[in-house]
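The values are calculated or read from the model by the stated rules, or taken from the named source; none is laboratory data. Computed from a predicted model, the values in this text were never measured in an experiment. Cβ placement follows ideal geometry from the backbone for every residue including glycine, while neighbour counts extend to all protein chains displayed.
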């Protein structure tokens with residue numbers, strides 16, 4: 001379950017969301033919930049959603065949670081470095 005500030009981040013109505021918070025504060029849960037919210041409201045297709053994390057472990061955890069909570073959708077969670085590499089290739 002999300003707290004009030006996390007819920008506001010999920011349904012804020014902006015095109016993009018930057019989530020900055022300390023370790024263990026629920027950032028991954030907020031981002032995965034936001035992706036699900038956008039798809040449920042048909043505001044975005046899975047291929048239009050990109051979740052970014054600084055570390056590889058955080059990106060892997062996001063991918064795991066996407067599969068657990070949203071099923072087999074094609075949302076990408078990757079590191080900033082992986083995105084940069086994809087762009088230059």
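Among 17, 32, which is the only one that is touching a strand residue (DSSP E or B) at 6+ places or on another chain (Cβ under 8 Å) and either free of Cβ contacts under 8 Å to residues at least 60 places away in the same chain or buried (at least 16 other Cβ atoms within 10 Å of the Cβ) (or both)? 32 is the lone residue from the list that is touching a strand residue (DSSP E or B) at 6+ places or on another chain (Cβ under 8 Å) and either free of Cβ contacts under 8 Å to residues at least 60 places away in the same chain or buried (at least 16 other Cβ atoms within 10 Å of the Cβ) (or both).
Among the residues of the range 35-49, those identified as surrounded by 12 or more Cβ atoms within 10 Å (Cβ to Cβ) and touching a residue at least 12 places away in the same chain (Cβ under 8 Å) are 35, 36, 37, 39, 46, 49.
When the residues of the range 76-89 are narrowed to those that are touching a strand residue (DSSP E or B) at 6+ places or on another chain (Cβ under 7 Å) and at pLDDT 90 or above, which ends up surrounded by the fewest Cβ atoms within 10 Å (Cβ to Cβ)? If you could, list the steps in order and put the result at the bottom.
Initial filter on the range 76-89 (touching a strand residue (DSSP E or B) at 6+ places or on another chain (Cβ under 7 Å)): 76-80, 83.
Imposing the further condition that a residue be at pLDDT 90 or above reduces the set to 77-80, 83.
On the way: 77: 23, 78: 19, 79: 17, 80: 12, 83: 14.
Within the range 76-89, the match that is surrounded by the fewest Cβ atoms within 10 Å (Cβ to Cβ) is 80.
Against the criterion of being surrounded by 15 or more Cβ atoms within 10 Å (Cβ to Cβ), at pLDDT 90 or above and in contact with a strand residue (DSSP E or B) (Cβ under 8 Å, 6 or more places away or on another chain), residue 59 qualifies. Summed over the range 40-62, residues that are over 14 Å from residue 83 (Cα atoms) and in a loop (DSSP other than H, G, I, E, B) total 5.
Given the condition farther than 21 Å from residue 1 by Cα and not in a helix (DSSP H, G or I), answer yes or no: does some residue in the range 17-39 qualify?
Residues of the range 17-39 farther than 21 Å from residue 1 by Cα: none.
No: the range 17-39 contains no residue that is farther than 21 Å from residue 1 by Cα and not in a helix (DSSP H, G or I).
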